[in-house]
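Below is one structure, written out as structure tokens, with a few remarks after it.
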Amino acid sequence: MRKIGPVQALDHVRDPDAPWFILFHGYGADAFDLQPLGDLILLSKDCNFLFPQGGLEVPIGPGWTGRAWWPINMARLQNAQAGGGEWDTSEERPEILPQVREKAFKMIEAMKVPWNRIILGGFSQGGMLAADLAVHAPENPLGLVLMSSALINKPEMKEKAPARKGLPFFQSHGEMDPVLTLKNGQRLETLLTQAGLKGSIFKFKGGHEIPQMVLERLGAYIDERVGSLS
């Protein structure tokens, strides 16, 4: 773990001159949770990986804590999982999101890597952050990866997303996801495509996870985006 700007992160460097894939973890996980993907995603072109650590410590069980980017309303999530109605995340606007965004941008600035050589991505809450960073970025990143994620902050996303017109994105979601429903993922897909971004959601028969079939498609997406630079 090393500090890059104001953010602690793990890295997986293949070639210091290659593009970077910045992958933000989900709620209750940490940077180590996604670190194995640096080896599990098979690539034919060099790409470095960065796994930032969420700045917020959150309880995930008796005596156990994880990390997060912002707090979530656990009561609403648990109610939805118990069959009390879907948790529509699209109107959620975390109070600390602007501060989290600023820290992430300072981290990227400290990397001294141009935006067109950075793929932003994340799983679950990390995907929400990646999408937010992408639409607020000063220019198009090389790519955007959204795994088992959802739309948040809809009014601002709808306003900002057209600036990313033409950006190819990769999105995956389990059809039986009990945490963030497929419908939540589809809301994000719809907003992005209506704003002119290029991509579609890959649905798989599973839950809140990253199965092998997603890793294979993600590897092909990264290879394509890195190859577009040559």
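Structural remarks
Listed here are the residues, each with its yes/no results for (1) in contact with a Gly (Cβ under 9 Å, 6 or more places away or on another chain); (2) surrounded by fewer than 20 Cβ atoms within 10 Å (Cβ to Cβ).
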{"position": "Glu139", "(1), (2)": "no, yes"}
{"position": "Gly143", "(1), (2)": "yes, no"}
{"position": "Ser149", "(1), (2)": "yes, no"}
{"position": "Ile152", "(1), (2)": "no, no"}
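- Contacts under 7 angstrom Cβ, first residue in region 143-157 being free of Cβ contacts under 8 Å to residues at least 40 places away in the same chain, partner not in a helix (DSSP H, G or I), 6 or more apart: Ser149/Gly122; Ser149/Ser124; Ser149/Leu180; Met157/Leu151
- Residues located in region 36-77, provided they are surrounded by fewer than 17 Cβ atoms within 10 Å (Cβ to Cβ) and among the aromatic types (Phe, Trp, Tyr): Trp64
- The conditions of being over 15 Å from the mean Cα position of the chain (by Cα) and surrounded by fewer than 18 Cβ atoms within 10 Å (Cβ to Cβ) are not met by Asp177.
- Residues being among the aliphatic types (A, V, I, L, M) and within 23 Å of Glu102 (Cβ to Cβ) - total across region 1-53: 11
Read-outs throughout are calculated quantities, based only on the coordinates presented, and are distinct from any laboratory measurement. If you're wondering where the values come from, they're calculated on a predicted model, not measured in any experiment. Every residue, glycine as well, gets a Cβ built from its backbone with ideal geometry; the counts of neighbours run over all protein chains shown.
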